[in-house]
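Novice: Take a look at this one; I'll ask things after.
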Amino acid sequence: MELELLIRKAKKHNKEAFQTLMLQYGSDLYKVAKAILRNDEDVSDAMQETALTCWEKIHTLKKDHLFKTWLIRILINHCNAIYRQRKKMISQEEMTEAWYQDNEFLNLEWRDFLTCLDKKYRTIIILYYEQGFTTKEIAQILDANESTVRSQLTTARNKLRKELSYE
């Protein structure tokens, strides 16, 4: 109930309500952005851009109960834009080194698994296992077909099994 009230207030450009929402979802946003971007500076940029976009576009949110999905979709769009920019400037080796240095919150096996995955699989894994979204919600967030999300999730799981069995 309180969440719906905060969203309604934020839609009326109540700064305190909007700040409360951003604080409430901050750690979720951080985890998703970190999984995609791997670099704290880029994560910070993506989160700031997301907050600004949400503030400017919150009136376009049609279903208040989908606020978190809407918020994460905006974040992913900003992360993808930053990722494309940085990919042009940073070599793959530098990205891998930064990944290992910056991700203390993940255990070694999880970190190794995530680095062996393509970005599209890494994003789905984080949204599914870390954020608890269903495949249907992930499909909405990524603007993809639900069967594609399920297929990519299965591919990522199979890759994990292969990595863990040391084949």
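Novice: Can you pull out every residue in region 1-54 that is crowded, with 20+ Cβ neighbours inside 10 Å and either of a type in the set (D, E, K, R) or not assigned by TED's automatic domain parsing to the domain that holds ILE74 (or both)?
Specialist: LYS34, ARG38, ASP42
Per-residue answers, yes or no, for (1) in the same structural domain as THR135 (by TED's automatic domain parsing); (2) at pLDDT 60 or above; (3) in a helix (DSSP H, G or I); (4) surrounded by 12 or more Cβ atoms within 10 Å (Cβ to Cβ):
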{"position": "THR69", "(1), (2), (3), (4)": "no, yes, yes, yes"}
{"position": "LEU75", "(1), (2), (3), (4)": "no, yes, yes, yes"}
{"position": "ASN80", "(1), (2), (3), (4)": "no, yes, yes, yes"}
{"position": "LYS87", "(1), (2), (3), (4)": "no, yes, yes, yes"}
{"position": "MET95", "(1), (2), (3), (4)": "no, no, yes, yes"}
{"position": "TRP99", "(1), (2), (3), (4)": "no, no, yes, yes"}
{"position": "TRP110", "(1), (2), (3), (4)": "yes, yes, yes, yes"}
{"position": "THR115", "(1), (2), (3), (4)": "yes, yes, yes, yes"}
{"position": "TYR121", "(1), (2), (3), (4)": "yes, yes, yes, yes"}
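Novice: Looking only at region 1-38, count how many residues are in a helix (DSSP H, G or I) and touching a residue at least 24 places away in the same chain (Cβ under 8 Å).
Specialist: Count: 19.
Novice: Okay, next question. Given the criteria at pLDDT below 85 and either over 15 Å from the mean Cα position of the chain (by Cα) or exposed (fewer than 15 other Cβ atoms within 10 Å of the Cβ) (or both), does LYS62 qualify?
Specialist: Considered against the rule, which asks whether it is at pLDDT below 85 and either over 15 Å from the mean Cα position of the chain (by Cα) or exposed (fewer than 15 other Cβ atoms within 10 Å of the Cβ) (or both), LYS62 comes out as no.
Novice: So, one more: Within region 124-167, work out how many residues are without any contact (Cβ under 8 Å) to a residue 60 or more places away in the chain, part of a helix (DSSP H, G or I), of a type outside the set (Gly, Ala, Ser) and more than 16 Å from LEU114 (Cα to Cα).
Specialist: 7
The values are calculated or read from the model by the stated rules, or taken from the named source; none is laboratory data. If you're wondering where the values come from, they're calculated on a predicted model, not measured in any experiment. As a convention, Cβ positions derive from the backbone with ideal geometry for all residues, glycine included, and neighbour counts pool all protein chains shown.
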